[in-house]
Structures are given as structure tokens and as C-alpha cells.
1. Among the residues of the range 6-63, which ones are closer than 18 Å to Glu93 by Cα and among the polar types (S, T, N, Q)?
2. For the range 13-46, what are the residues that are part of a helix (DSSP H, G or I), closer than 30 Å to Lys100 by Cβ and open to solvent by less than 100 Å² (accessible area, probe 1.4 Å)?
3. Could you tell me whether the range 103-113 includes any residue that is surrounded by fewer than 15 Cβ atoms within 10 Å (Cβ to Cβ) and farther than 30 Å from Arg40 by Cβ?
4. Out of (1) open to solvent by 80 Å² or more (accessible area, probe 1.4 Å); (2) at pLDDT below 95, the odd one out for Pro168 is which?
5. Going by the conditions given, is Leu127 assigned to a loop (DSSP other than H, G, I, E, B), buried (at least 16 other Cβ atoms within 10 Å of the Cβ) and out of contact with any Gly (no Cβ under 8 Å at 6 or more places or on another chain)?
Amino acid sequence: MGVKQRKKNRTGFQYRANSRRKQLKMKKKINPHIDCLEIRKAWDITKPAPTNLANMGLAYDLDRAMPLTDKKQQGEKSEVQTIKKGKKEKPTEVVQQLEKASSQESQKERPGVRLTNAQVDYATAMLDKYGDDYKAMARDPKNYFQDTWKQIRTKIKLFTNNPRYYAPYLKQRGLLKPELLQTQDK
């Protein structure tokens, strides 16, 4: 009698659950949104994600694709065997496109660290007043945030390593050599 009751409860309709939302959730699981343009073009809606990625030459589960080997247990011989067993396959079109896109992305010049006007003013004031004496900068009354001398040193290094801020500072003070000015203008 108890079994019939359980079966009956299982087949009942769930009024609390939003069936439309459940369907949308399942669709997203089966056919996820892919940000990468190269992968999105090669994606086949009718196939599940692991087979799609395998056809593209990509790994779905990294642990299965490249299992970790314990050197102590297996010794050096097993490492040589795994290298020999691994077949070198030609990269697919998707992999080539991804490599090309990543190389282009790495060649782009990224701007350095951006500093606020307050940070630039603080660094210039400290450099003008104390030079390279960071311990004196830590005792300065303008050190509102009570930074240690090492924290101040890192802030000054950020300022001096960024030519966007440091070059105008040097030009204003007349510390920049004329030879460097000519190379920067070109």
C-alpha cells in the first residue's frame, strides 16, 4: 500500500515550479551561450558539449585529457611511456584560429597601471621634497594614509616606471636629457 502512495505522489503536478523557467534552464544547459566567436561558429547544436569540443580538438575535462602522474609511484619509465603513447595530431581549424587570436591579443600594447591625480600629486610632492629617502616620506605629515616606507616605495616605483606620468614630471623639473626627448618625440 505504501508503494502505491509513493507512485501517486511522484506523478503529481508541481504547482510551485515554473515549467517555462525549467525548460529555459534545460535549453541553456544543452546549448550554452559561448562568448568565444571561433568556438561559437564551429558549435553544433545537435551534439552535446563534450563531443563538440572533442571535434574541435579541445578538451572538455582537463583531468581526463591530461591525467596527473605521480613520479614517486610510477618512476621515470612511465613518463617516457606516456610521452610515446601520446599521438601528435594536427591542430584543427578552431585551434588554429584560437592560437591566432591569442597571439594578436598578446601583441596588443596594454596601457600601464593608471594612477589617479591624487596619487601622482602625492608621488611628485614626495620626490620633490625627499628624493629617495622613503623613511623620511613615511614620517611626513602629508602621509595621510600612514603608509609604511615600503608601501611608499612601491607607490613611487609605480609612478616612476610609468612613462605616461614620469616623463612629464622629468620635463617639468628639467631632469630629462635632451637625447631622450628626441627619441620620445619620434
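The values are calculated or read from the model by the stated rules, or taken from the named source; none is laboratory data. What you see is a predicted model; the values in this text were computed from it and never measured. Every residue, glycine as well, gets a Cβ built from its backbone with ideal geometry; the counts of neighbours run over all protein chains shown. Areas reflect the complete protein model, heavy atoms only, side chains present, ligands, DNA and RNA absent. Shrake-Rupley method; radii C 1.70, N 1.55, O 1.52, S 1.80 Å.
1. Matches in the range 6-63: Thr51, Asn52, Asn55.
2. Leu37, Glu38, Ile39, Ala42
3. Within the range 103-113, one or more residues are surrounded by fewer than 15 Cβ atoms within 10 Å (Cβ to Cβ) and farther than 30 Å from Arg40 by Cβ.
4. Looking at each condition in turn, Pro168 falls short on (1).
5. No.
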